[in-house]
Amino acid sequence: MTGEKDVNYLLRRQQVSLIRAQLSRSQQGKIAYESLARGYSDQIDAYRRENARLVNLAH
């Protein structure tokens with residue numbers, strides 16, 4: 001992950017994006033918010049993979 005971010009921040013932004021996608025009145029807005037949510041999901045997954053790797057190295 002580029003730069004260090006709080007995973008809780010990423011989770012919240014993902015949730016907000018998904019809610020906004022559901023509430024969007026236009027198909028383009030829905031697609032845009034879903035794309036943002038996927039981007040946050042990717043960052044969350046990268047964060048989790050890195051933490052798993054660090055835990056495995058420590059053991």
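Listed values, structure above:
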| read-out | value |
| --- | --- |
| Solvent exposure of the chain as accessible area per residue, Å², 1.4 Å probe | 81 Å² |
| Residue of Gln27, Gln15, Gln43 that the Gaussian network model of the chain assigns the largest fluctuation, springs spanning Cα pairs under 10 Å | Gln27 |
| Relative contact order (%) - criterion: Cα under 8 Å, at least six apart; region: the chain | 38 percent |
| Formal net charge of residues neighbouring Ala32 (Cβ-Cβ distance under 15 Å; K, R +1; D, E -1) | +4 |
| Helix-only CD estimate at 222 nm, as mean residue ellipticity for the chain, using -39500 (n - 2.57) per DSSP H run (n ≥ 4) | -29500 deg cm²/dmol |
| Highest-MSF residue in the chain out of Leu36, Leu23, Leu11 [GNM, Cα springs under 10 Å] | Leu23 |
| Accessible area of the chain belonging to carbon and sulfur atoms, whole % at 1.4 Å probe | 50 percent |
| For Gln22, net neighbour charge (Lys/Arg +1, Asp/Glu -1) across residues whose Cβ lies under 12 Å away | +2 |
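The values are calculated or read from the model by the stated rules, or taken from the named source; none is laboratory data. Nothing here was measured: the structure is a model prediction, and the numbers come from that model. Note that we place each Cβ from the backbone using ideal geometry, even for glycine, and neighbour counts take in every protein chain shown. All accessible areas refer to the heavy atoms of the entire protein, side chains included, with ligands and DNA or RNA removed. Shrake-Rupley method; radii C 1.70, N 1.55, O 1.52, S 1.80 Å.
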